[in-house]
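Asker: Quick one: the structure is below, questions incoming.
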Amino acid sequence: MKNTYQDLPELAGTRKIVGWMTMLFASVILAACGGGAGTAANPDSGTTAACDPNDDSTFDECGTVLVALTDANGDFLNYTVDVMSLKLETADGRVVETMPRKTRINFSDYVDLTELVTVATIPPATYVAGTISLDYADAEVFVEADGASKEAVVKNPEGETLTQTTLKINLSNRDQLIVTRGRPALLQLDFDLDASHTVDIAETPAEAISEQFILAEVAPVDEKDIRVRGPLVDVSIDELTYTVALRPFHDRAGDFGRIKVHVTKDTEFEVNEVVSMGVDGLSALEVAGPGTPTVAKGTLDVAERKFTADIVLAGTSVPGIDRDAVIGNVIKRDGNFLTIRGATIVPSDRRTHFHDDVVVEVGPDTKVLKDGDRVSDLSIKAISIGQRVTIRGNQPTPTTDALAPQILFDATQGSVRMHVTHLSGIVKTVMPGQTDITLHSIDRRRVQIFDFSGTGQTEGQDADPENYEVATGNLTLADFAEGKPIVARGFPTAFGWAPPDFTGRTVIDYTDVRSVLGVGWGAMGTEMPFHEVTREYLVLDNQNQDIDERHYIKQGPVLIDLTTLDSNTKIVPRETDRLAFYIKTADSIRMYSHFADFADDLGESLLAGDKARSMHARGRYDAGANEFTAYKIGVYLLEPQ
């Protein structure tokens with residue numbers, strides 16, 4: 001095909017440098033509570049001198065920025081590091097700190113949700129850049145190898161183990177963070193583990209080579225559930241709200257600002273292990289009183305900057321409060337003993353840590369609850385294989401050795417909360433109210449690690465991964481879905497009651513399954529990664545001689561080898577909703593929200609002698625047309641030495 005790099009319009013002056021954070025990290029939303037942000041032209045290039053974040057008397061002259069964190073899926077079972085600092089920089093060079101103290105973050109927790117991190121009082125201004133400091137000295141990083149967890153060490157491309165790193169963030173010229181008084185702001189930083197690392201599991205420990213970058217978006221592209229944690233400050237029954245002192249992740253100390261949580265008549269509450277709804281739940285929270293630990297999951301209205309909770313846990317219902325907790329998936333059940341794989345242990349008196357396998361004993365007195373289910377008297381029979389759970393109880397012999405032999409956990413007088421569980425597979429047959437699939441993974445863990453013995457009403461009816469029966473109710477699949485990828489969210493059938501094996505609350509078939517495109521061109525890069533670069537689309541050179549071991553499209557559980565396709569893959573931006581594009585170099589990331597701007601820079605850079613080292617895109621893939629419709633694209637370029 002014709003190479004059209006030369007057809008791109010010439011950029012004015014030097015290439016646009018919208019520097020950016022070079023490192024893996026997670027997606028962070030900065031929204032405001034009394035501050036503001038937007039994408040309009042700068043109302044004021046300087047700060048308001050009257051605002052001093054350290055002086056409460058100037059609060060009315062300040063804005064507030066709410067920071068949240070999320071992540072894209074990657075190869076990691078656990079990726080925990082300490083965040084030391086997160087600073088923002090104004091257009092005139094003023095720097096403000098948004099994190100009151102360091103906090104420990106497991107990025108792999110945030111594939112399916114976003115965590116609010118801090119609500120910082122800052123001067124109204126146009127913020128154009130920032131820095132984040134990460135400490136790897138006490139990192140916990142684990143990958144999956146042959147179905148088991150394996151420790152990994154994170155290194156830079158030169159093979160040096162990462163210690164403390166400070167990463168630069170620069171925003172797109174079109175989408176700088178504008179904070180004003182009285183109107184909420186929003187910014188999302190997106191940490192893509194998959195795009196940021198190349199993992200070698202053959203080494204011991206495994207090696208994760210990091211290209212280190214983080215993306216910042218004023219208008220977030222990914223929309224996920226948001227989680228808010230912290231001790232209760234006050235309750236307003238009339239307004240159907242409550243306020244917490246934000247304390248993210250599993251932090252037990254510190255005050256990261258105030259956030260108001262809205263509830264509705266349908267908001268589910270579990271306060272001190274008693275289930276209620278709406279106003280009744282809010283009243284129970286008020287009775288529990290200020291200082292009561294809370295954690296809420298819900299949605300953020302981007303336009304209104306308003307957080308509304310779908311489910312609220314409070315008091316002893318919060319993992320790690322008064323009793324120890326285990327979070328993970330049930331991979332095996334032997335009577336009243338559950339094996340939890342890839343577990344996060346949240347002790348009541350120590351810091352949270354990862355453990356490969358935990359054996360949990362439940363009993364007749366174990367309370368069982370279920371997300372979105374008002375029934376509070378479920379029996380332990382409801383807990384089946386694959387189920388995502390949070391279990392509260394007692395860890396008799398504490399250990400922080402993640403790969404120690406199986407440890408025991410006593411929940412006979414505790415409780416189990418069952419969460420929505422994610423399946424991925426290939427459709428075999430479709431019929432009214434049911435689809436049978438070849439099951440590939442549960443919550444991103446390979447199906448081979450799950451033991452389905454005992455799931456059926458008889459041994460012959462045990463769940464079969466090769467013919468896994470998903471009840472779909474009134475949910476419908478697209479025509480000709482057989483043989484195509486499918487993703488389902490719901491709950492495994494109660495233990496000993498299959499078939500069906502699973503009840504889907506949502507089912508996403510191949511027409512909407514999100515896909516990932518990843519391709520690398522080796523350490524030295526390539527001069528001609530694309531056949532065409534235009535302001536409307538890109539065309540990959542699928543047979544480029546420099547392509548390395550990364551050359552795939554992952555569509556749900558299906559891995560498609562780019563080099564085996566009959567034609568070159570066309571990449572187009574989606575036509576609606578928000579978009580994010582970036583070009584990474586050794587020391588910066590240039591961010592764009594318009595594809596034409598991104599293509600201009602990419603084409604001009606390649607013509608100037610830059611080489612492409614890797615590319616990642618997220619979106620949807622049409623295998624018949626060999627066309628990838630992307631909402632996010634990133635290219636890593638090596639500049640001439």
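The values are calculated or read from the model by the stated rules, or taken from the named source; none is laboratory data. Because the structure is a prediction, the values reported are computed rather than measured. Positions of Cβ are generated from backbone atoms using ideal geometry, with glycine treated the same way; all protein chains shown enter the neighbour counts.
Asker: Can you tell me which residue is nearest to ALA185 (Cα to Cα) among those in the stretch 110-135 that are part of a strand (DSSP E or B) and among the charged types (D, E, K, R)?
Answerer: The qualifying residue nearest to ALA185 (Cα to Cα) is GLU115.
Asker: Just checking: which of the strands (runs of 3 or more DSSP E) contained wholly in the stretch 414-494 hold 1 or more residues that are without any contact (Cβ under 8 Å) to a residue 12 or more places away in the chain and more than 14 Å from PRO557 (Cβ to Cβ)?
Answerer: Working: elements: 421-431, 434-442, 468-471, 485-492.
The strands (runs of 3 or more DSSP E) meeting that bar are 421-431.
Asker: Something else now. Sort out which residues of the stretch 249-284 are among the hydroxyl-bearing types (Ser, Thr, Tyr) and surrounded by fewer than 21 Cβ atoms within 10 Å (Cβ to Cβ), and write them in order of number.
Answerer: Selection gives THR264, SER276, SER283.
Asker: When the residues of the stretch 341-377 are filtered to those that are closer than 12 Å to VAL416 by Cα and under 29 Å from the mean Cα position of the chain (by Cα), which remaining residue is surrounded by the fewest Cβ atoms within 10 Å (Cβ to Cβ)?
Answerer: ASP371
Asker: What pairs come up if the first residue lies in the stretch 559-579 and is assigned to a strand (DSSP E or B), the second is at pLDDT below 95 and of a type in the set (D, E, K, R), and their beta carbons are under 8 Å apart, counting only those six or more places apart or on different chains?
Answerer: ILE560/LYS554
Asker: Residues that are over 17 Å from GLY414 (Cα atoms) and in contact with a His (Cβ under 8 Å, 6 or more places away or on another chain): find the strands (runs of 3 or more DSSP E) completely inside the stretch 276-391 holding 3 or more of those.
Answerer: 306-314
Asker: Further question on the same structure: In the stretch 575-593, which residue that is surrounded by fewer than 15 Cβ atoms within 10 Å (Cβ to Cβ) and more than 21 Å from the chain's Cα centre (by Cα) is nearest to GLY130 (Cα to Cα)? Lay out the reasoning, then the answer.
Answerer: If we filter the stretch 575-593 for residues that are surrounded by fewer than 15 Cβ atoms within 10 Å (Cβ to Cβ), which is where we start, we get 575-577, 586-587.
Imposing the further condition that a residue be more than 21 Å from the chain's Cα centre (by Cα) reduces the set to 575-576, 586-587.
Numbers: GLU575: 30, THR576: 29, ALA586: 17, ASP587: 14 Å.
Restricting to residues being surrounded by fewer than 15 Cβ atoms within 10 Å (Cβ to Cβ) and more than 21 Å from the chain's Cα centre (by Cα), the top hit is ASP587.
Asker: Can you report the number of residues in the stretch 626-641 which are touching a Lys or Arg at 6+ places or on another chain (Cβ under 8 Å) and not in a strand (DSSP E or B)?
Answerer: Here the count works out to 1.
Asker: Evaluate the stretch 594-605: report whether one residue or more is in contact with a helix residue (DSSP H, G or I) (Cβ under 9 Å, 6 or more places away or on another chain), more than 23 Å from VAL128 (Cα to Cα) and surrounded by fewer than 23 Cβ atoms within 10 Å (Cβ to Cβ).
Answerer: Yes, the conditions are met somewhere in the stretch 594-605.
Asker: Taking into account only those residues within the stretch 512-546 that are hydroxyl-bearing (Ser, Thr, Tyr) and in contact (Cβ under 8 Å) with a residue 40 or more places away in the chain, which is surrounded by the most Cβ atoms within 10 Å (Cβ to Cβ)?
Answerer: Of everything passing the filter in the stretch 512-546, SER515 is surrounded by the most Cβ atoms within 10 Å (Cβ to Cβ).
Asker: Could I ask something else about it? If I filter the stretch 73-101 down to residues being of a type in the set (S, T, N, Q) and either part of a strand (DSSP E or B) or at pLDDT 90 or above (or both), which single residue comes out as farthest from ASP356 (Cα to Cα)? Even if it seems obvious, please write down each step before you answer.
Answerer: Taking the stretch 73-101 first, the residues of a type in the set (S, T, N, Q) are 73, 78, 80, 85, 90, 98.
After this cut, where a residue has to be either part of a strand (DSSP E or B) or at pLDDT 90 or above (or both) as well, the list is 78, 80, 85, 90.
Details: ASN78: 10, THR80: 15, SER85: 30, THR90: 44 Å.
Taking the candidates together, the pick is THR90.
Asker: Listed residues GLY130, GLY93, GLY147, GLY159; which is outside the structural domain of GLY342 (by TED's automatic domain parsing), surrounded by 24 or more Cβ atoms within 10 Å (Cβ to Cβ) and of a type outside the set (S, T, N, Q)?
Answerer: So the residue among GLY130, GLY93, GLY147, GLY159 that is outside the structural domain of GLY342 (by TED's automatic domain parsing), surrounded by 24 or more Cβ atoms within 10 Å (Cβ to Cβ) and of a type outside the set (S, T, N, Q) is GLY130.
Asker: For the stretch 181-198, which positions are buried (at least 20 other Cβ atoms within 10 Å of the Cβ) and over 19 Å from the mean Cα position of the chain (by Cα)?
Answerer: PRO184, ALA185
Asker: On the basis of being outside any strand (DSSP E or B), β-branched (Val, Ile, Thr), surrounded by fewer than 21 Cβ atoms within 10 Å (Cβ to Cβ) and touching a residue at least 40 places away in the same chain (Cβ under 8 Å), does THR204 make the cut?
Answerer: The answer is yes for THR204.
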